[in-house]
Amino acid sequence: MIELIHSSHCVYHCDYHLVIVTKYRKPVFNEGIFAYFKLKLAGISDHHPVIRIKQVNHDKDHLHLLVTIPPTIAVGKVVGLIKQNTARELKQKFPFLKQIYWGTDAIWSEGYFVSTVGVDQQVIMKYIEQQGKKDSGQTKFEID
């Protein structure tokens, strides 16, 4: 079942699939660096509890994340938070990254990929179609 999050003025389900790529597609991730990255990522969620990191994995030159972001925060802002905080921390912990990326503070490519993850279109169309037929009070979002 889909988790609906209640805030003071809205109810939402906003999950995003993010892909963040290393600068120049350099293969810098191994299990140790990735483990440290996950620790720093958890720190971002500690400071911004409305941003929920649900899942993360990696390849040598990019990361995949499943993130819940409230509709009040732009996706690009969250990507920026992740990139800024993790780049600084990774370069401090692993000095060889400074040699790979000399002349720049970044270890991340400028762009990113984002896709929404949620209820499929047919479920939403069925839900809208059924409005007023099954419900006599406040609408509750249910998915079969």
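Each value in this text was obtained by applying a stated rule to the coordinates, not by laboratory testing. Bear in mind that the values here come from a model prediction, so they are computed numbers and not experimental data. Note: ideal-geometry Cβ built from the backbone for every residue, glycine included; neighbour counts use all protein chains shown.
Laid out as a table, the results:
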read-out: Cα-based equivalent ellipsoid of region 1-45: semi-axis lengths in Å, sorted from largest, via gyration tensor; value: 31, 14, 10
read-out: Local electrostatic count at Ala35 - Lys and Arg +1, Asp and Glu -1, tallied over other residues with Cβ under 13 Å; value: +1
read-out: Positive-pole candidate from Gln122, His62, Gly103, dipole of the chain, charges at beta carbon; value: Gly103
read-out: Charge sum, other residues only, whose C-beta stays under 14 Å from Gln84's C-beta, Lys/Arg counted +1 and Asp/Glu -1; value: +3
read-out: Net charge of Cβ neighbours under 14 Å - reference Ile73; Lys, Arg +1; Asp, Glu -1; value: +1
read-out: Two-site label geometry, Val50 and Val123: point separation in nm, points 7 Å out along Cα→Cβ; value: 2.4 nm
read-out: Residue-averaged [θ]222 nm for the chain, counting only DSSP H segments that reach four residues, each worth -39500 (n - 2.57); value: -11000 deg cm²/dmol
read-out: Degrees, to the nearest 10: 31-47 long Cα axis against longest axis of the chain; value: 50 degrees
read-out: Value of D in µm² per second that Stokes-Einstein yields for the chain, Kirkwood Rh from Cα pairs, at 4 °C (1.567 mPa s); value: 75 µm²/s
read-out: Nearest-20 debye value, the chain charge dipole, Cβ charges on Lys, Arg, Asp, Glu; value: 560 debye
read-out: Entries in Lys26/Lys54; Lys38/Lys91; Lys54/Lys98; Lys54/Lys133; Lys77/Lys126 that, when Cα-Cα distance is taken, lie over 24 Å; value: Lys26/Lys54; Lys54/Lys98; Lys54/Lys133; Lys77/Lys126
